[in-house]
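All remarks here apply to the structure that follows.
The values are calculated or read from the model by the stated rules, or taken from the named source; none is laboratory data. From a predicted model like this one, the values you see are computed outputs, not experimental measurements. Note that we place each Cβ from the backbone using ideal geometry, even for glycine, and neighbour counts take in every protein chain shown. Areas reflect the complete protein model, heavy atoms only, side chains present, ligands, DNA and RNA absent. Shrake-Rupley method; radii C 1.70, N 1.55, O 1.52, S 1.80 Å.
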Amino acid sequence: MTVAGTPDVIVVGGGLIGAVTAFTLGRAGLRVTVLDADRPGAAWRAAAGLLTPDGERLRGTPLHAPALSSLRAWPELARALEAASGVNVAYRPGVTRLRAGGGEDRTPGEASLYPPGVVQAARHALPVVRARVTRLTPLPGAGVRVHADAGDGTGDRVGTWDARHVILAAGAWSGAFGLPVQAQWGQAHLHAVPDQRSPDQHCPARYGPPTPGFSRYLLGRPDGVYVGATARPARHPADSHPADPACLRPDRHADRWLRGVARQLAPDLPAGPGPRTLLGLRPVTPDGQPIVGPHPDPRLARAGVIVATGHGRHGALLAPATAQAALHLLLGVPA
Ligand SMILES: Cc1cc2nc3c(=O)[nH]c(=O)nc-3n(C[C@H](O)[C@H](O)[C@H](O)COP(=O)(O)OP(=O)(O)OC[C@H]3O[C@@H](n4cnc5c(N)ncnc54)[C@H](O)[C@@H]3O)c2cc1C
């Protein structure tokens, strides 16, 4: 199947990385189509949206420079996403950090946003097809054929698409394409707030004092007050999760811990119905570094496959820098 006017680029995976990259390529004048499998457990559905290099202790790591360049890019990108879609991405500058001995610091250079809004806004501006991609093959000469099979849900498109380039951004499912990416479960809570004000006005982003173990944080978003988050290796490869609903069940220990975080960071959180549990699979790599560049298989790299995955717990933060890197790689490749 060829999408009307063969696209310059097909982006496989329309999550935080794929959708923001596709939106950025589209703004640069490229014809882009996104294929997304609508996976339960996609990380963007559960992500908090903190843009906090200091909170995530990135100083002195290779991720600090791209994190800072992304932080600088987010305000303009957030405005462009909202203008293109009318969707609220709730970009808010400033994060408060509680000190161990009491008191708090404000870090005006850090920020937060609403990841589902970002994905929805970016997709709004693009052709998005629901399809589960299974294989990529080089075309004779140049270009890539993208193969999609029937997925687990209904409505998946089956067929092939051709494009000059493919960006592989399948998150925790990227291992199926020969990449060293595994899944890490993250669990969080979302509290409904029975208040006239929007929760993102009500409850600015707040980090707990540094403690060993998971980061404790809380932030108001358009959909409620978010409390997060845990991290543990997934018991199965990401591909088996949609087939096994047991894998999508919340962990009761994590639920208890998250209730404790809410009591510590927002003792005045209005009592409402029990919080909703959010579960997502972070795409992680053995060395903790994202993989952004030509596909490691030289046949696929020569055909035009670029990889953008493995962002672990930093995909919202690093999406703009990743999108820019993908754009440079594409424009640098001879047509
Ligand atoms: C609990 C939790 C809290 C987090 N908080 C933050 C935070 O505060 N700040 C931050 O920067 N990051 C945070 N993250 C991390 C962030 O969510 C991820 O780094 C980011 O979502 C990765 O983006 P991605 O596009 O690679 O993967 P995803 O967002 O998972 O998207 C992958 C997409 O690919 C699609 N897909 C998969 N396989 C296929 C296929 N075969 N064919 C077609 N489509 C496919 C899926 O349907 C999905 O839409 C958090 C994550 C979790 C789980």
Answer check: the stretch 5-112, Cα atoms, Kirkwood Rh, Rg/Rh ratio of 1.04
For the chain, with a Gaussian network of springs between Cα atoms less than 10 Å apart, report the residue from 51, 113, 258 with the top mean-square fluctuation.
258
In a GNM of the chain with a 10 Å cut-off on Cα contacts, which of 57, 39, 31 has the highest mean-square fluctuation?
57
Treating the Cα atoms of the stretch 245-335 as identical point scatterers in vacuum, please give the log10 of the normalised Debye intensity I(q)/I(0) at q = 0.13, 0.18, 0.20 Å⁻¹, two decimals.
-0.68, -0.92, -1.02
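Within the chain, which complete DSSP H helices have Cα atoms spanning at least 18 Å along the helix axis and a mean Kyte-Doolittle hydropathy of 0.0 or higher? If you can, show how the numbers build up before the last one.
Details: long enough: 64-85 (30 Å, 0.10); 252-265 (20 Å, -1.01); 315-332 (25 Å, 1.32).
Those that pass (Cα extent of 18 Å or more, hydropathy at least 0.0) are 64-85, 315-332.
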Tell me, what % of the accessible area of the chain is carbon and sulfur with a 1.4 angstrom probe?
54
Step through the residues of the stretch 279-286 one at a time and calculate ³J(HN,Hα) from phi using the Karplus curve (6.51 cos²θ - 1.76 cosθ + 1.60, θ = phi - 60°), rounding each to whole Hz and writing x for Gly and Pro.
10, x, 9, 7, x, 10, 10, x
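Can you quote the Å³ per residue value for the convex hull of the Cα atoms in the stretch 9-332, rounded to an integer? Show your work: numbers first, answer last.
Details: hull volume 43.7 nm³, N = 324.
Here the figure is 135 Å³ per residue.
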Non-local amide H neighbours of residue 51 (under 5 Å, H modeled in plane, Pro and chain starts lacking H): which ones?
111, 112, 113
Mean separation of Cα contacts under 8 Å (at least 6 apart) over the residue count of the stretch 9-332, i.e. the relative contact order in percent, is 24
So what is the relative contact order for the stretch 46-183, in percent, with contacts set as C-alpha pairs under 8 Å and at least six apart?
16
Span from the the stretch 275-333 Cα centroid across to the the stretch 66-140 one, whole angstrom:
15
Loop-resident trypsin sites (Lys or Arg not before Pro) in the stretch 77-131 with no more than 15 other Cβ atoms inside 10 Å, DSSP not H/G/I/E/B, are 99
I'd like the per residue volume of the convex hull spanned by the Cα atoms of the stretch 44-174, given in cubic angstrom.
166
